[in-house]
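Report on the structure given below.
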Amino acid sequence: MEQQRKEATERLLSSQGHDNLFYSEENDGVGVGDGGLVAVSNFTSILGLSILTAACITFGFGCAIGYSSPTQSSIMEDLGLSVAEFSLFGSILSIGSLIGAAISGKITDLFGRKLTMWILNLFYIGGWLAIAFTKAPWLLNLGRISLGFTNGISGYLAPIYIAEITTKHVRVMVGSGASFMYVVGSLVHWRTLALLATIPGLLQLLLIFFIPESPRWLANVGREKELEAALLCLRGDKADISDEATEIKNHVESLKSFSRGGIVVDIFQKKYVRPLLTVVGMMVLTNLGGINAFVYYSGAIFVSAGISSMVGLITLAATQTVVGILSSTIIDKLGRRPLLLVSSAGLCFSSFLTGVTFFLKDFNWWDQGSPILAFIGLLMYMGSYALSAGLPGLLVSELFPINVKGSAGSICNFMGNSTGRVVGYYFNFLTEWSSAGIFFTFSAFCCANFILIATMVPETKGRTLEEIQASITPSSD
(Lines give C-alpha, C1' and ligand atoms only; values in the text may rest on other atoms or scores of the structure.)
Protein backbone atom coordinates (compact mmCIF):
# COMPACT_ATOMS: atom_id res chain seq x y z
CA MET A 1 0.00 0.00 0.00
CA GLU A 2 2.81 2.41 0.88
CA GLN A 3 4.53 1.76 -2.44
CA GLN A 4 1.25 2.33 -4.30
CA ARG A 5 0.71 5.59 -2.47
CA LYS A 6 4.23 6.69 -3.32
CA GLU A 7 3.81 5.95 -7.02
CA ALA A 8 0.35 7.51 -7.21
CA THR A 9 1.40 10.63 -5.35
CA GLU A 10 4.45 11.22 -7.53
CA ARG A 11 2.38 10.62 -10.66
CA LEU A 12 -0.21 13.19 -9.54
CA LEU A 13 2.45 15.72 -8.57
CA SER A 14 4.09 15.30 -11.96
CA SER A 15 0.78 15.72 -13.78
CA GLN A 16 0.16 18.90 -11.82
CA GLY A 17 3.45 20.36 -12.99
CA HIS A 18 5.46 19.67 -9.79
CA ASP A 19 8.23 17.67 -11.50
CA ASN A 20 10.81 18.62 -8.87
CA LEU A 21 8.79 17.00 -6.05
CA PHE A 22 8.66 13.39 -4.93
CA TYR A 23 7.02 11.32 -2.22
CA SER A 24 9.27 10.95 0.86
CA GLU A 25 8.32 8.13 3.25
CA GLU A 26 11.30 8.91 5.46
CA ASN A 27 10.18 12.46 6.07
CA ASP A 28 6.49 11.52 6.07
CA GLY A 29 5.94 14.10 3.39
CA VAL A 30 6.77 15.33 -0.10
CA GLY A 31 10.41 15.93 -0.89
CA VAL A 32 12.06 18.31 -3.33
CA GLY A 33 14.81 17.44 -5.77
CA ASP A 34 17.57 19.45 -4.10
CA GLY A 35 17.27 17.57 -0.83
CA GLY A 36 14.97 20.03 0.88
CA LEU A 37 11.50 19.16 2.13
CA VAL A 38 8.03 20.44 1.58
CA ALA A 39 5.79 19.13 4.34
CA VAL A 40 2.66 17.37 3.22
CA SER A 41 0.63 19.79 5.35
CA ASN A 42 1.72 22.54 2.98
CA PHE A 43 -0.06 20.75 0.20
CA THR A 44 -3.36 21.54 1.87
CA SER A 45 -2.94 24.77 -0.13
CA ILE A 46 -4.13 22.61 -3.04
CA LEU A 47 -7.47 22.43 -1.23
CA GLY A 48 -7.53 26.21 -1.21
CA LEU A 49 -6.79 26.32 -4.94
CA SER A 50 -9.53 23.76 -5.57
CA ILE A 51 -12.07 25.84 -3.66
CA LEU A 52 -10.88 28.96 -5.47
CA THR A 53 -11.45 27.19 -8.78
CA ALA A 54 -15.02 26.37 -7.79
CA ALA A 55 -15.44 29.97 -6.65
CA CYS A 56 -14.40 31.13 -10.13
CA ILE A 57 -17.13 28.90 -11.57
CA THR A 58 -19.80 30.38 -9.31
CA PHE A 59 -18.51 33.92 -9.90
CA GLY A 60 -18.81 33.36 -13.65
CA PHE A 61 -22.30 31.97 -13.08
CA GLY A 62 -23.27 35.22 -11.38
CA CYS A 63 -21.69 37.32 -14.13
CA ALA A 64 -23.88 35.60 -16.72
CA ILE A 65 -27.16 36.07 -14.87
CA GLY A 66 -26.38 39.62 -13.76
CA TYR A 67 -25.20 40.96 -17.12
CA SER A 68 -28.55 41.95 -18.64
CA SER A 69 -29.69 44.15 -15.78
CA PRO A 70 -27.23 47.09 -16.03
CA THR A 71 -26.89 46.83 -19.84
CA GLN A 72 -30.52 46.76 -20.98
CA SER A 73 -30.91 50.34 -22.18
CA SER A 74 -27.48 50.58 -23.83
CA ILE A 75 -27.76 47.27 -25.71
CA MET A 76 -31.26 48.13 -26.91
CA GLU A 77 -30.05 51.50 -28.13
CA ASP A 78 -26.82 50.32 -29.80
CA LEU A 79 -28.34 47.31 -31.59
CA GLY A 80 -31.83 48.74 -32.07
CA LEU A 81 -33.59 46.00 -30.10
CA SER A 82 -37.26 46.14 -29.15
CA VAL A 83 -38.53 45.19 -25.69
CA ALA A 84 -39.51 41.76 -27.03
CA GLU A 85 -36.07 41.24 -28.57
CA PHE A 86 -34.29 42.19 -25.37
CA SER A 87 -36.64 39.98 -23.38
CA LEU A 88 -35.53 37.16 -25.65
CA PHE A 89 -31.88 38.04 -25.01
CA GLY A 90 -32.43 38.18 -21.26
CA SER A 91 -34.38 34.94 -21.04
CA ILE A 92 -32.49 32.95 -23.69
CA LEU A 93 -29.87 32.32 -21.01
CA SER A 94 -32.40 29.88 -19.56
CA ILE A 95 -32.68 28.00 -22.87
CA GLY A 96 -28.95 27.32 -22.79
CA SER A 97 -29.28 26.45 -19.10
CA LEU A 98 -31.99 23.92 -19.92
CA ILE A 99 -29.68 22.16 -22.36
CA GLY A 100 -26.78 22.24 -19.92
CA ALA A 101 -28.94 21.12 -17.00
CA ALA A 102 -30.30 18.17 -18.96
CA ILE A 103 -26.80 16.71 -19.37
CA SER A 104 -25.07 18.23 -16.32
CA GLY A 105 -25.07 15.10 -14.21
CA LYS A 106 -24.22 12.70 -17.01
CA ILE A 107 -21.37 14.75 -18.46
CA THR A 108 -19.70 15.26 -15.07
CA ASP A 109 -20.03 11.55 -14.33
CA LEU A 110 -18.70 10.56 -17.75
CA PHE A 111 -15.75 12.94 -18.07
CA GLY A 112 -15.07 13.67 -14.42
CA ARG A 113 -15.30 17.00 -12.61
CA LYS A 114 -11.98 18.36 -13.83
CA LEU A 115 -12.32 17.64 -17.57
CA THR A 116 -15.84 19.08 -17.45
CA MET A 117 -14.34 22.33 -16.16
CA TRP A 118 -12.09 22.49 -19.22
CA ILE A 119 -15.06 21.98 -21.54
CA LEU A 120 -17.17 24.60 -19.78
CA ASN A 121 -14.44 27.21 -20.09
CA LEU A 122 -14.56 26.96 -23.87
CA PHE A 123 -18.27 27.79 -23.86
CA TYR A 124 -17.89 30.43 -21.15
CA ILE A 125 -15.09 32.44 -22.73
CA GLY A 126 -16.48 31.92 -26.23
CA GLY A 127 -19.89 33.18 -25.14
CA TRP A 128 -18.54 36.42 -23.70
CA LEU A 129 -16.37 37.07 -26.75
CA ALA A 130 -19.41 36.60 -29.01
CA ILE A 131 -21.33 39.20 -26.99
CA ALA A 132 -18.40 41.62 -26.80
CA PHE A 133 -17.78 41.69 -30.55
CA THR A 134 -21.29 41.18 -31.90
CA LYS A 135 -22.67 43.37 -34.67
CA ALA A 136 -25.99 41.54 -34.99
CA PRO A 137 -28.66 40.29 -32.54
CA TRP A 138 -28.23 36.64 -33.58
CA LEU A 139 -24.62 36.55 -32.39
CA LEU A 140 -25.61 38.33 -29.19
CA ASN A 141 -28.18 35.61 -28.52
CA LEU A 142 -25.76 32.84 -29.50
CA GLY A 143 -23.26 34.10 -26.95
CA ARG A 144 -25.99 34.26 -24.32
CA ILE A 145 -27.07 30.68 -25.07
CA SER A 146 -23.45 29.55 -24.71
CA LEU A 147 -23.27 31.20 -21.29
CA GLY A 148 -26.57 29.58 -20.36
CA PHE A 149 -25.22 26.16 -21.32
CA THR A 150 -22.26 26.82 -19.05
CA ASN A 151 -24.55 27.90 -16.20
CA GLY A 152 -26.75 24.83 -16.61
CA ILE A 153 -23.78 22.57 -15.92
CA SER A 154 -21.79 24.76 -13.51
CA GLY A 155 -24.84 25.21 -11.26
CA TYR A 156 -24.48 21.48 -10.59
CA LEU A 157 -20.72 21.07 -10.96
CA ALA A 158 -19.48 23.73 -8.51
CA PRO A 159 -21.37 22.59 -5.37
CA ILE A 160 -20.74 18.94 -6.25
CA TYR A 161 -16.99 19.46 -6.58
CA ILE A 162 -16.77 21.50 -3.37
CA ALA A 163 -18.76 18.92 -1.40
CA GLU A 164 -16.64 16.04 -2.72
CA ILE A 165 -13.21 17.53 -2.03
CA THR A 166 -13.79 19.11 1.38
CA THR A 167 -14.47 17.73 4.81
CA LYS A 168 -17.73 18.14 6.66
CA HIS A 169 -16.34 21.28 8.34
CA VAL A 170 -15.46 23.08 5.11
CA ARG A 171 -18.05 22.52 2.46
CA VAL A 172 -19.56 25.79 1.27
CA MET A 173 -18.02 28.50 -0.87
CA VAL A 174 -20.53 30.52 -2.83
CA GLY A 175 -19.41 33.44 -4.93
CA SER A 176 -21.52 35.51 -7.28
CA GLY A 177 -20.48 37.77 -10.10
CA ALA A 178 -23.90 39.45 -10.20
CA SER A 179 -22.71 42.16 -7.80
CA PHE A 180 -19.67 42.75 -10.00
CA MET A 181 -21.95 43.13 -13.01
CA TYR A 182 -24.20 45.60 -11.22
CA VAL A 183 -21.39 47.89 -10.11
CA VAL A 184 -19.03 47.75 -13.07
CA GLY A 185 -21.89 47.55 -15.57
CA SER A 186 -23.11 50.93 -14.33
CA LEU A 187 -19.74 52.45 -15.16
CA VAL A 188 -18.45 50.85 -18.38
CA HIS A 189 -19.75 50.07 -21.87
CA TRP A 190 -21.59 46.77 -22.27
CA ARG A 191 -18.93 45.41 -24.63
CA THR A 192 -16.18 46.20 -22.12
CA LEU A 193 -18.22 44.54 -19.40
CA ALA A 194 -18.44 41.37 -21.49
CA LEU A 195 -14.66 41.29 -21.90
CA LEU A 196 -14.14 41.81 -18.16
CA ALA A 197 -16.48 38.89 -17.50
CA THR A 198 -13.99 36.52 -19.18
CA ILE A 199 -11.54 37.01 -16.27
CA PRO A 200 -13.02 34.24 -14.03
CA GLY A 201 -12.73 31.79 -16.93
CA LEU A 202 -9.15 32.77 -17.72
CA LEU A 203 -8.17 32.47 -14.05
CA GLN A 204 -9.84 29.10 -13.86
CA LEU A 205 -7.83 27.86 -16.84
CA LEU A 206 -4.66 28.49 -14.83
CA LEU A 207 -5.98 26.96 -11.61
CA ILE A 208 -7.17 23.71 -13.20
CA PHE A 209 -3.54 22.68 -13.77
CA PHE A 210 -2.95 22.53 -10.00
CA ILE A 211 -6.09 20.90 -8.63
CA PRO A 212 -6.89 17.17 -8.25
CA GLU A 213 -9.90 15.28 -9.50
CA SER A 214 -12.76 14.60 -7.08
CA PRO A 215 -11.77 11.68 -4.81
CA ARG A 216 -15.32 10.32 -4.81
CA TRP A 217 -15.50 10.33 -8.59
CA LEU A 218 -12.15 8.53 -8.73
CA ALA A 219 -13.46 5.91 -6.32
CA ASN A 220 -16.63 5.48 -8.36
CA VAL A 221 -14.67 4.75 -11.56
CA GLY A 222 -12.23 2.44 -9.79
CA ARG A 223 -9.08 4.59 -9.91
CA GLU A 224 -8.01 3.84 -6.34
CA LYS A 225 -4.36 4.82 -6.67
CA GLU A 226 -5.28 8.28 -7.90
CA LEU A 227 -7.94 8.50 -5.17
CA GLU A 228 -5.34 8.18 -2.41
CA ALA A 229 -2.96 10.57 -4.14
CA ALA A 230 -5.72 13.15 -4.53
CA LEU A 231 -6.68 12.84 -0.87
CA LEU A 232 -3.03 13.14 0.16
CA CYS A 233 -2.72 16.43 -1.72
CA LEU A 234 -6.01 17.73 -0.35
CA ARG A 235 -5.58 16.66 3.28
CA GLY A 236 -1.83 16.37 3.82
CA ASP A 237 -1.97 13.63 6.48
CA LYS A 238 -1.41 9.94 5.66
CA ALA A 239 -3.36 8.64 8.66
CA ASP A 240 -6.35 10.83 7.91
CA ILE A 241 -6.45 10.02 4.22
CA SER A 242 -6.19 6.28 4.90
CA ASP A 243 -9.35 6.35 7.01
CA GLU A 244 -11.16 8.67 4.62
CA ALA A 245 -10.16 6.67 1.55
CA THR A 246 -11.43 3.48 3.18
CA GLU A 247 -14.74 5.13 4.07
CA ILE A 248 -15.23 6.48 0.54
CA LYS A 249 -14.32 3.17 -1.13
CA ASN A 250 -16.56 1.17 1.22
CA HIS A 251 -19.47 3.53 0.57
CA VAL A 252 -19.04 3.32 -3.21
CA GLU A 253 -18.55 -0.45 -3.10
CA SER A 254 -21.72 -0.91 -1.03
CA LEU A 255 -23.67 0.93 -3.73
CA LYS A 256 -22.13 -1.23 -6.45
CA SER A 257 -22.78 -4.43 -4.46
CA PHE A 258 -26.37 -3.36 -3.97
CA SER A 259 -26.71 -2.91 -7.72
CA ARG A 260 -25.09 -6.29 -8.45
CA GLY A 261 -27.54 -7.92 -6.06
CA GLY A 262 -30.24 -7.72 -8.69
CA ILE A 263 -31.75 -4.34 -7.82
CA VAL A 264 -31.18 -1.50 -10.24
CA VAL A 265 -29.98 1.52 -8.32
CA ASP A 266 -31.97 4.25 -10.01
CA ILE A 267 -32.99 7.80 -9.15
CA PHE A 268 -36.68 6.86 -9.46
CA GLN A 269 -36.55 4.28 -6.69
CA LYS A 270 -38.88 4.90 -3.75
CA LYS A 271 -36.10 5.80 -1.34
CA TYR A 272 -34.99 8.73 -3.51
CA VAL A 273 -38.47 10.15 -4.09
CA ARG A 274 -38.59 12.41 -1.03
CA PRO A 275 -35.17 14.09 -1.47
CA LEU A 276 -35.73 14.41 -5.23
CA LEU A 277 -39.16 16.03 -4.85
CA THR A 278 -37.80 18.28 -2.12
CA VAL A 279 -34.91 19.71 -4.12
CA VAL A 280 -36.91 19.91 -7.38
CA GLY A 281 -39.68 21.68 -5.50
CA MET A 282 -37.25 24.18 -3.99
CA MET A 283 -35.67 25.00 -7.33
CA VAL A 284 -39.01 25.32 -9.15
CA LEU A 285 -40.60 27.48 -6.46
CA THR A 286 -37.49 29.67 -6.19
CA ASN A 287 -37.67 30.40 -9.90
CA LEU A 288 -41.44 30.91 -9.85
CA GLY A 289 -40.77 33.27 -6.95
CA GLY A 290 -39.21 35.65 -9.47
CA ILE A 291 -35.46 35.42 -8.98
CA ASN A 292 -34.70 35.59 -12.71
CA ALA A 293 -36.97 38.63 -13.10
CA PHE A 294 -35.23 40.45 -10.26
CA VAL A 295 -31.73 39.52 -11.45
CA TYR A 296 -32.25 40.10 -15.18
CA TYR A 297 -34.29 43.28 -14.96
CA SER A 298 -33.55 44.88 -11.58
CA GLY A 299 -32.29 48.03 -13.29
CA ALA A 300 -35.55 48.44 -15.18
CA ILE A 301 -37.54 47.70 -12.01
CA PHE A 302 -35.68 50.47 -10.19
CA VAL A 303 -36.42 52.95 -12.99
CA SER A 304 -40.10 52.02 -13.18
CA ALA A 305 -40.35 52.56 -9.42
CA GLY A 306 -38.81 56.03 -9.76
CA ILE A 307 -35.29 55.22 -8.53
CA SER A 308 -31.97 55.89 -10.26
CA SER A 309 -30.75 52.69 -11.90
CA MET A 310 -27.09 53.36 -11.05
CA VAL A 311 -27.76 54.13 -7.38
CA GLY A 312 -30.07 51.14 -7.08
CA LEU A 313 -27.73 48.63 -8.71
CA ILE A 314 -24.65 49.75 -6.78
CA THR A 315 -26.54 49.57 -3.49
CA LEU A 316 -27.92 46.20 -4.52
CA ALA A 317 -24.42 44.91 -5.24
CA ALA A 318 -23.18 46.06 -1.83
CA THR A 319 -26.11 44.34 -0.13
CA GLN A 320 -25.56 41.07 -1.98
CA THR A 321 -21.84 41.10 -1.21
CA VAL A 322 -22.28 41.69 2.54
CA VAL A 323 -25.06 39.13 2.90
CA GLY A 324 -23.19 36.59 0.75
CA ILE A 325 -20.09 36.85 2.94
CA LEU A 326 -22.24 36.58 6.08
CA SER A 327 -23.96 33.48 4.72
CA SER A 328 -20.65 31.77 3.92
CA THR A 329 -19.37 32.35 7.45
CA ILE A 330 -22.44 31.15 9.35
CA ILE A 331 -23.86 28.34 7.24
CA ASP A 332 -21.94 25.53 8.97
CA LYS A 333 -22.72 27.07 12.36
CA LEU A 334 -26.46 27.62 11.95
CA GLY A 335 -27.15 24.92 9.37
CA ARG A 336 -28.89 24.78 6.00
CA ARG A 337 -32.53 24.75 7.14
CA PRO A 338 -32.42 27.96 9.22
CA LEU A 339 -30.79 29.90 6.37
CA LEU A 340 -33.27 28.52 3.84
CA LEU A 341 -36.22 29.36 6.09
CA VAL A 342 -35.04 32.91 6.78
CA SER A 343 -34.24 33.39 3.10
CA SER A 344 -37.63 32.17 1.83
CA ALA A 345 -39.48 34.24 4.44
CA GLY A 346 -37.50 37.31 3.36
CA LEU A 347 -38.25 36.62 -0.32
CA CYS A 348 -41.94 36.28 0.44
CA PHE A 349 -42.17 39.52 2.43
CA SER A 350 -40.00 41.58 0.08
CA SER A 351 -41.96 40.45 -3.00
CA PHE A 352 -45.17 41.43 -1.25
CA LEU A 353 -43.68 44.80 -0.27
CA THR A 354 -42.60 45.45 -3.86
CA GLY A 355 -46.11 44.55 -5.01
CA VAL A 356 -47.57 47.04 -2.51
CA THR A 357 -45.24 49.69 -3.94
CA PHE A 358 -46.54 49.27 -7.48
CA PHE A 359 -50.12 49.03 -6.20
CA LEU A 360 -49.72 52.45 -4.55
CA LYS A 361 -48.03 53.79 -7.66
CA ASP A 362 -50.85 52.59 -9.92
CA PHE A 363 -53.38 54.59 -7.92
CA ASN A 364 -51.06 57.56 -7.35
CA TRP A 365 -51.15 57.05 -3.60
CA TRP A 366 -48.19 58.12 -1.47
CA ASP A 367 -46.05 59.16 -4.43
CA GLN A 368 -43.20 60.31 -2.19
CA GLY A 369 -43.01 57.12 -0.14
CA SER A 370 -43.57 54.41 -2.75
CA PRO A 371 -40.05 54.64 -4.29
CA ILE A 372 -38.60 54.15 -0.81
CA LEU A 373 -40.71 51.04 -0.31
CA ALA A 374 -39.62 49.73 -3.73
CA PHE A 375 -35.98 50.36 -2.86
CA ILE A 376 -36.32 48.51 0.45
CA GLY A 377 -38.24 45.66 -1.20
CA LEU A 378 -35.65 45.11 -3.94
CA LEU A 379 -32.72 45.24 -1.54
CA MET A 380 -34.44 42.87 0.86
CA TYR A 381 -35.31 40.45 -1.94
CA MET A 382 -31.79 40.23 -3.35
CA GLY A 383 -30.28 40.13 0.12
CA SER A 384 -32.61 37.28 1.10
CA TYR A 385 -31.68 35.37 -2.04
CA ALA A 386 -27.96 35.91 -1.42
CA LEU A 387 -28.41 34.39 2.04
CA SER A 388 -29.26 30.98 0.55
CA ALA A 389 -27.74 31.23 -2.93
CA GLY A 390 -26.33 27.88 -3.97
CA LEU A 391 -27.92 25.89 -1.14
CA PRO A 392 -30.36 23.88 -3.32
CA GLY A 393 -27.41 22.81 -5.48
CA LEU A 394 -25.44 21.99 -2.35
CA LEU A 395 -28.28 19.78 -1.12
CA VAL A 396 -28.13 17.82 -4.39
CA SER A 397 -24.48 17.05 -3.65
CA GLU A 398 -25.23 16.09 -0.04
CA LEU A 399 -28.47 14.13 -0.25
CA PHE A 400 -27.76 11.82 -3.19
CA PRO A 401 -25.05 9.11 -3.36
CA ILE A 402 -22.50 9.11 -6.17
CA ASN A 403 -24.32 6.48 -8.25
CA VAL A 404 -27.47 8.62 -8.73
CA LYS A 405 -26.09 12.08 -8.09
CA GLY A 406 -25.66 12.81 -11.79
CA SER A 407 -29.25 11.89 -12.64
CA ALA A 408 -30.58 13.84 -9.65
CA GLY A 409 -28.58 16.91 -10.60
CA SER A 410 -29.78 16.82 -14.21
CA ILE A 411 -33.44 16.51 -13.21
CA CYS A 412 -33.30 19.22 -10.53
CA ASN A 413 -31.41 21.71 -12.69
CA PHE A 414 -33.62 21.04 -15.72
CA MET A 415 -36.85 21.61 -13.81
CA GLY A 416 -35.51 24.74 -12.14
CA ASN A 417 -34.25 26.22 -15.40
CA SER A 418 -37.54 25.40 -17.17
CA THR A 419 -39.50 27.61 -14.79
CA GLY A 420 -36.73 30.20 -14.79
CA ARG A 421 -37.03 30.45 -18.56
CA VAL A 422 -40.78 31.13 -18.35
CA VAL A 423 -40.41 33.84 -15.71
CA GLY A 424 -37.43 35.47 -17.42
CA TYR A 425 -39.13 35.76 -20.79
CA TYR A 426 -42.67 36.74 -19.77
CA PHE A 427 -41.84 39.14 -16.92
CA ASN A 428 -41.70 42.27 -19.10
CA PHE A 429 -45.06 41.39 -20.65
CA LEU A 430 -46.67 40.53 -17.32
CA THR A 431 -45.69 43.88 -15.82
CA GLU A 432 -47.75 45.52 -18.55
CA TRP A 433 -50.71 43.44 -17.35
CA SER A 434 -50.21 44.30 -13.67
CA SER A 435 -46.94 45.26 -12.01
CA ALA A 436 -48.43 44.80 -8.56
CA GLY A 437 -50.10 41.53 -9.51
CA ILE A 438 -46.91 39.85 -10.72
CA PHE A 439 -45.02 40.68 -7.51
CA PHE A 440 -47.91 39.45 -5.37
CA THR A 441 -47.78 36.21 -7.40
CA PHE A 442 -44.03 35.94 -6.74
CA SER A 443 -44.76 36.37 -3.03
CA ALA A 444 -47.27 33.51 -3.07
CA PHE A 445 -44.73 31.13 -4.64
CA CYS A 446 -42.09 32.17 -2.08
CA CYS A 447 -44.59 31.43 0.69
CA ALA A 448 -45.13 27.96 -0.78
CA ASN A 449 -41.36 27.46 -0.83
CA PHE A 450 -41.18 28.38 2.87
CA ILE A 451 -43.76 25.70 3.68
CA LEU A 452 -41.88 23.13 1.60
CA ILE A 453 -38.58 23.87 3.35
CA ALA A 454 -40.17 23.79 6.81
CA THR A 455 -41.77 20.39 6.23
CA MET A 456 -39.41 18.55 3.86
CA VAL A 457 -35.79 19.75 4.02
CA PRO A 458 -33.47 17.80 6.36
CA GLU A 459 -30.52 19.33 8.18
CA THR A 460 -27.11 18.19 6.89
CA LYS A 461 -24.83 20.36 9.03
CA GLY A 462 -21.74 18.73 10.53
CA ARG A 463 -21.97 15.37 8.77
CA THR A 464 -19.93 13.75 6.02
CA LEU A 465 -21.56 12.95 2.69
CA GLU A 466 -21.53 9.25 3.53
CA GLU A 467 -23.27 9.87 6.89
CA ILE A 468 -25.92 12.10 5.29
CA GLN A 469 -26.69 9.67 2.48
CA ALA A 470 -26.80 6.68 4.83
CA SER A 471 -29.41 8.43 6.98
CA ILE A 472 -31.53 9.62 4.04
CA THR A 473 -31.34 6.52 1.82
CA PRO A 474 -30.38 3.50 3.96
CA SER A 475 -29.36 0.40 2.03
CA SER A 476 -31.83 -1.64 3.94
CA ASP A 477 -34.71 -0.02 2.05
Exercise for the section: Express in whole angstrom the spacing between the alpha-carbon centres of the stretch 336-359 and the stretch 419-442. Expected result: 16
Problem - Average accessible area per residue (Å²) across the stretch 118-227 - probe 1.4 Å, nucleic acids and ligands excluded - result: 36
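With all distinct Cα pairs included, what does the Kirkwood hydrodynamic radius of the stretch 89-137 come out to in Å, to one decimal, could you say?
Numbers: mean 1/r = 0.0821 Å⁻¹.
Computed over the stretch 89-137, the radius equals 12.2 Å.
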Practice task
Work out the charge dipole of the stretch 74-184 with +1 on the Cβ of Lys and Arg and -1 on the Cβ of Asp and Glu about the Cα centre, then indicate which of Trp128, Gly152, Ser179 is farthest towards its positive end.
Solution key: Gly152
Fill in the blank from the handout: Given a 1.4 Å probe, the accessible area of the stretch 281-415 per residue, as a whole number of Å², is 34
Fill in the blank from the handout: Reported to the nearest 10 Å², Thr319 has, with a 1.4 Å probe, an accessible area equal to 40
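Kindly provide the chymotrypsin sites (Phe, Trp or Tyr not before Pro) of the stretch 267-298 that DSSP labels as loop, not H, G, I, E or B, and whose Cβ sees at most 11 other Cβ atoms within 10 Å. Don't skip to the answer; put the middle values down first.
Values: sites: Phe268, Tyr272, Phe294, Tyr296, Tyr297; in loops: Phe268.
Of the chymotrypsin sites (Phe, Trp or Tyr not before Pro), the ones in loops of the stretch 267-298 whose Cβ has at most 11 other Cβ atoms within 10 Å are Phe268.
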Practice task
Starting from the alpha-carbon convex hull of the stretch 319-369, give the projected area averaged over all orientations, in nm².
Solution key: 4.3
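The values are calculated or read from the model by the stated rules, or taken from the named source; none is laboratory data. Please read all numbers here as calculations on a predicted model, not as lab measurements. Heads up, the Cβs are rebuilt from the backbone with ideal geometry, glycines too, and the neighbour counts pull from every protein chain shown. Ligands, DNA and RNA are stripped out before the accessible areas are found, and what is left, the full protein with its side chains, is counted by its heavy atoms. Shrake-Rupley method; radii C 1.70, N 1.55, O 1.52, S 1.80 Å.
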